[in-house]
1. Given a 1.4 Å probe and the protein chains all in place, what does the accessible area of residue 179 round to, in Å² to the nearest 10?
2. For residue 77, enumerate residues with amide H under 5 Å from its amide H, sequence gap 5+ or separate chain, H modeled in the peptide plane.
3. Label region 136-254 by shape, choosing from rounded, prolate and oblate, from the square roots a ≥ b ≥ c of the eigenvalues of the Cα gyration tensor; if a/c is under 1.5 it is rounded, and otherwise prolate applies when a/b is larger than b/c, oblate when it is not.
4. Give me the percent of accessible area attributable to carbon and sulfur for region 88-217, probe 1.4 angstrom.
5. Return the FRET efficiency for the residue pair residue 263, residue 126: r is the Cβ-Cβ distance, R0 is 41 Å, and the value is rounded to the nearest 0.05.
6. Could you pull out every residue, at least 5 positions away or on a different chain, whose amide H is within less than 5 Å of the one on residue 207? Hs are placed 1.01 Å off N in the peptide plane, and Pro or chain starts have none.
7. Ignoring ligands, DNA and RNA, what percent of the 1.4 Å accessible area of region 218-296 is carbon and sulfur?
8. Over the chain, what is the relative contact order in percent, taking alpha-carbon pairs closer than 8 angstrom and at least six residues apart?
Amino acid sequence: MTTTTPFGRMVTAMVTPMKPDGSIDYDGVQKLAEHLVANGHDGLVVNGTTGESATTTDEENIETVRAVADAVKGRTAITAGVGTNDTAHSVRAAKALADAGADAVLVVTPYYNKPTQAGIVEHFKAVVGATDLPAMAYDIPGRSGTALASDTIRQLATIDQVRAVKDAKGDFFEATKLMDETDLLWYSGDDVVNLAWLALGAVGVVSVVGHVAGNEFRAMIDAVDAGDLATARAIHTKLIPAIDALMNTSQGAIMVKAALKEQGVIDSDAIRLPLLPADEAMYAVLRDGLTKAGLL
């Protein structure tokens, strides 16, 4: 399958490396971006949930996008997370991060407010319309509290700039109908089911585990493209211990920072409250999972 997508296909939602005092390590941001590009990635999401967007400032987000853009120099697509539960804030963020070097934007369903579906559509129109960049809608009701209804996704598909859905809802059958009815590009937003999504027609993944398994997920995508599901399944099976350790031990950003520190990619596993760094028991589970998956 040859697919043109402005977001890339092997995409990871980057953590934001921080110094022990909690300030952002911009050198570490650039080092991580370089590392991901060198390991299977053709897309990065910056300032997403895994990047701790809930606790980073607008100014920090701008500097982080600038740092990544300077590091990758056009070698990979940069999608900036701009979604908040305040439409005006998201509009400002979209404009600022476009100016900072983003190639696309990720817009999550507004959280906490629990807007109506009609309100969600208007929110997307306003945020997406703030720039001329392509947009990916992020459907993650477990965090946002409100799912994107199928009819809402159909409406979003009529907005020229809305090109894709990052699906962390996992309604596979409904999604296949929407993939058939619209020209939206579908992305797995849950590493546990990356293979399932790809087998059903998703164009790619927006990963957390991709921090440590970019080449492996890239190979999985290529295998599915080639119709080689046996190889794709073998990759999935090999990665089970790592996916389990990273996604089911604590919280994604916590465990990925620990993994990257363990691998020597970042200097510190510092993370901002209310998140706490991994403790030694979590590190032990992590080392075991990464080792069994051949990643350490």
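The values are calculated or read from the model by the stated rules, or taken from the named source; none is laboratory data. Owing to the predicted nature of the structure, the values given are computational and were not obtained by experimental measurement. Cβ coordinates were reconstructed from backbone atoms using ideal geometry, including for glycine residues, and neighbour counts include every protein chain displayed. SASA here: full protein model, heavy atoms, side chains in, ligands and nucleic acids out. Shrake-Rupley method; radii C 1.70, N 1.55, O 1.52, S 1.80 Å.
1. Per-residue accessible area (residue 179): approximately 30 Å².
2. Placed amide hydrogens put 43, 44 under 5 Å from residue 77.
3. The shape class here is oblate.
4. 51 percent
5. It comes to 0.50.
6. 11, 12, 13
7. Carbon plus sulfur share of accessible area: 57 percent.
8. 19 percent.
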